[in-house]
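Please read the structure below before turning to the comments.
The values are calculated or read from the model by the stated rules, or taken from the named source; none is laboratory data. Keep in mind it's a predicted model, so treat the numbers as computed, not measured. Here the Cβ positions follow ideal geometry from the backbone for every residue, glycine too, while neighbour counts run over all protein chains shown. Quick note on the areas: whole protein, heavy atoms, side chains included, nothing else; ligands and nucleic acids left out. Shrake-Rupley method; radii C 1.70, N 1.55, O 1.52, S 1.80 Å.
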Amino acid sequence: MFNKEFEAMPLPKMRELQRERLKWSLTHAYANVPHYKKSFDAAGFNPDTFKTLDDLRRVPFLTKQDMRASYPFGLFAVPLDKVARVHSSSGTTGNATVVGYTTGDVGVFAEVVARCLAMYGATEKDVIQVAYGYGLFTGGLGLHYGSEKLGALTVPIGGGNTERQLMLIKDFGTTMIACTPSYALNIADYLEKKRPDYDIRKTKLRAGIFGAEPWSEQMRREIESRLGIEAYDIYGLSEVIGPGVSGECSQKSGLHVFEDHFYVEIIDPDTGEVLPEGSKGEIVYTSLTKEACPVIRYRSRDITRLYYDGCACGRTLVKMEKVTGRSDDMLIIRGVNVFPSQIESVLMETEGVEPHYQIIVDRKGALDDIEVKVEVTEKIFSDELKVLEALSRRIADRFRSVLGISAKVTLVEPLAIPRSEGKAVRVIDKRTI
Ligand code: DLL
């Protein structure tokens, strides 16, 4: 264990630690963030009255909309000169979610990722190739600092360029690769189709650190057998810290949540009621130590279940079931979070486009594939082909720059998209997970 004191802490001691830290976090948020002052006051909650963990139920939730409305720095609880880093959850539009970290928060981020890596059996002898995107996305830098904290040799290659990934695996003796599970499958496809001469089993690669998007047990088996490695799950979300909120131990039977930093509850997504132990529902997070950007009862929209029945690995930390669904319409396309409403706003600012569109998500080979069908006006549709091509290229460029995704844009004639009697069917997700 990377930090046995916390990872194997006796439960009564952990609950007491959480109680103390919760009190600090609530007080810190209330005193320094106008949003929390306002929402706590409106709910008649004063952190001074916080006594037991159950008192948290009296505290209002924080939603993604609240975070967006506070763009960019409205939820920061410390002055900007104390903020050492920012990350952002998606795109570059005004409604992205921005999170800040003090130097202390950056240290916690590295610590929780290092704990995950140690759970997967990594030590300072490992060579960890970080193939998550670097930049505003938390994946690249998150894994990077965690790997350095562990003392492993860290290879900051970033996402994409499969040929180069394969070259470094061989030349640098990479033992672990961190990337999205769909990219791992993409590497397997690439090897089969383009590099039958490259025997990945003859390299030192022995494990993968996969997350940022849902993936099934079936995908795990496929990755493990095609690449000849162990596939481990890493989970997290920018609002809470990034990757490293939880990770899988060698038992591969749920992800341990680092409860000394994150307090978790499961609620009914419709009523907001806290559900009894073991129930499936939406997981809600409260940060216990975050200085720059405390989150209090953040509604993740991720659906899971918590297990409090101990683990053969010796950790006492609660385990969460693999996340396989969400309670909102957020799509995760190749690891990038996209809301249909963001696609809509790009379309709405484009001249000649009708407010009728359909988003079709599928998995082509290993990678997510997205097509946006857009109705155009009669006038545009009867225009020359090159006018239509230029328009679809312009829309695709906007998707790339605003949302960070490459989508196929298909322009269709007026009325081509089926109208529905009730809610319009905007998204057709053909992926099985
Ligand atoms: O995806 C952080 C991350 C980076 C996690 C690298 C793991 C590895 P966001 O971009 O804010 O942060 O997206 C967070 O992605 O609420 C889940 O819906 C989904 N997600 C993340 N990890 C997993 C996972 C990063 N292991 C959102 N399994 C979350 C299922 C996941 N879903």
How many Å² of accessible area per residue for the chain, probe 1.4 Å? 43
Ranked from highest to lowest mean number of other Cβ atoms within 10 Å per residue, what is the order of the peptides 272-285, 146-159, 383-396? 146-159, 272-285, 383-396
What ³J(HN,Hα) values, in whole Hz, does the Karplus curve 6.51 cos²θ - 1.76 cosθ + 1.60 give for segment 167-184 when θ = phi - 60°, with x put for Gly and Pro? 4, 5, 4, 6, 5, 8, x, 4, 9, 9, 10, 10, 6, 6, x, 5, 5, 4
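Roughly to the nearest percent, how much of the accessible area of segment 206-310 is carbon and sulfur, given a 1.4 Å probe? Can you show the working numbers first?
Working: 1340 of 3150 Å².
C and S fraction of accessible area: 43 percent.
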Within 10 Å, count the other beta carbons around each residue, average over each peptide in 30-40, 224-234, 169-179, and list them highest first. 169-179, 224-234, 30-40
Protection proxy (average C-beta count within 10 Å per residue), highest first, orders 286-295, 122-131 as 286-295, 122-131
For a quick check: with amide H placed at 1.01 Å from N, whose amide H comes under 5 Å from Val412's, ignoring anything fewer than 5 positions away on the same chain? Val374, Glu375, Val376
Using a ≥ b ≥ c from the Cα gyration tensor of segment 257-416 (square roots of the eigenvalues), is it rounded, prolate or oblate, where a/c under 1.5 gives rounded and otherwise the larger of a/b and b/c decides, a/b for prolate? prolate
Rounded to whole angstrom, the alpha-carbon centroid of segment 24-63 lies from that of segment 109-129 at a distance of 34
What does the C-alpha gyration tensor say about the overall shape of segment 79-177? Classify as rounded when a/c is under 1.5, otherwise prolate if a/b is larger than b/c, or oblate. oblate
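Multiplying the sequence separation of Thr410 and Lys379 by 0.36 nm and subtracting their Cα-Cα distance, what value in nm do you get?
Taking 0.36 nm per residue and subtracting the Cα distance, the gain is 9.5 nm.
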Note, ³J(HN,Hα) from phi for segment 278-292, Karplus 6.51, -1.76, 1.60, rounded to Hz, x at Gly and Pro: x, 6, 8, x, 8, 8, 10, 10, 10, 7, 9, 10, 5, 8, 6
Expressed as a whole percentage, what fraction of the accessible surface of segment 331-432 belongs to carbon and sulfur atoms when a 1.4 Å probe is rolled over the protein heavy atoms? 51
Taking only the alpha carbons of segment 295-360, the radius of gyration and the largest Cα-Cα distance, Dmax, both in angstrom, are 18.7, 61
Could you check the spin-label model distance between Asp328 and Ser216? Points 7 Å from the Cα along Cα→Cβ, value in nm. 2.6
By its C-alpha gyration tensor, with a ≥ b ≥ c as the square roots of the eigenvalues, how is the chain shaped: rounded for a/c under 1.5, else prolate for a/b larger than b/c, else oblate? oblate
Value of relative contact order over the chain, rounded to a whole percent, pairs C-alpha under 8 Å and six or more apart: 14
How long is segment 331-432 along each principal axis, judged by its Cα atoms, biggest number first, in Å? 37, 33, 24
Relative to the present Cα-Cα distance, how much length would full extension add between Lys38 and Leu11 at 0.36 nm per residue of separation? 6.3 nm
Nearest 0.05, what FRET efficiency do Ser341 and Glu224 give at R0 = 45 Å with Cβ-Cβ as r? 0.75
